[in-house]
Amino acid sequence: MYTGPISNGMLLGMPHKGRSALIRELSPDVRRKLAHIASLGAEQETRKAAEHFDAGRRIWAGTRLDHAQSLSRLAAELTGEPDGVFVVEPIDSGSVAAGN
């Protein structure tokens with residue numbers, strides 16, 4: 001079991017296979033707490049994206065939405081079954097703001 005320091009930022013910065021392996025090593029309590037923090041972060045990023053969008057800053061809004069999506073996927077990965085953590089692969093469709 002992994003007992004070193006860990007954060008959602010560290011997990012997001014890892015390649016998917018390495019992240020999945022590390023998540024398997026985390027205790028259920030740590031995974032639950034990290035997933036909760038990730039979901040709160042996704043909510044905040046979505047709110048900030050709406051503010052940017054309303055102000056006409058579509059690229060900034062897209063960047064915030066991309067980060068919210070990453071946090072939501074991380075939360076889903078963290079709440080997967082401990083004996084078979086599923087990996088949510090990114091969709092290679094580009095940024096939400098790519099149409100600007």
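Quick check on packing: order 14-25, 56-67 by the mean number of other C-beta atoms within 10 Å, highest mean leading. If you can, show how the numbers build up before the last one.
Numbers: 14-25: 14.3, 56-67: 17.3.
Packing proxy ranking, top to bottom: 56-67, 14-25.
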Exercise for the section: Treat each spin label as a single point 7 Å out from the Cα along the C-beta direction, and report the SER27 to ALA55 distance in nm. Expected result: 4.1 nm
Practice task
Take each of the peptides 69-80, 37-48, average the number of other beta-carbon atoms within 10 Å over its residues, and list them starting from the highest.
Solution key: 69-80, 37-48
Practice task
Subtract the Cα-Cα distance of ALA76 and TYR2 from 0.36 nm times their separation in residues, and report this length gain in nm to one decimal.
Solution key: 24.7 nm
Problem - For segment 25-35, Karplus couplings with θ = phi - 60° (6.51, -1.76, 1.60), whole Hz, Gly/Pro x - result: 8, 7, 5, x, 5, 5, 4, 4, 5, 5, 5
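Summing +1 for each Lys or Arg and -1 for each Asp or Glu, what net charge is found among the other residues whose Cβ lies under 9 Å from the Cβ of ILE23?
On the way: positive: ARG19, ARG24, ARG31; negative: GLU25, GLU77.
Net local charge, ILE23 excluded: +1.
No lab work stands behind these numbers, since they all come straight from the coordinates. Since the structure is predicted, the reported quantities are computational estimates derived from the model, not experimental observations. Cβ sites come from the backbone with ideal geometry, for glycine too, and all protein chains shown count toward neighbours.
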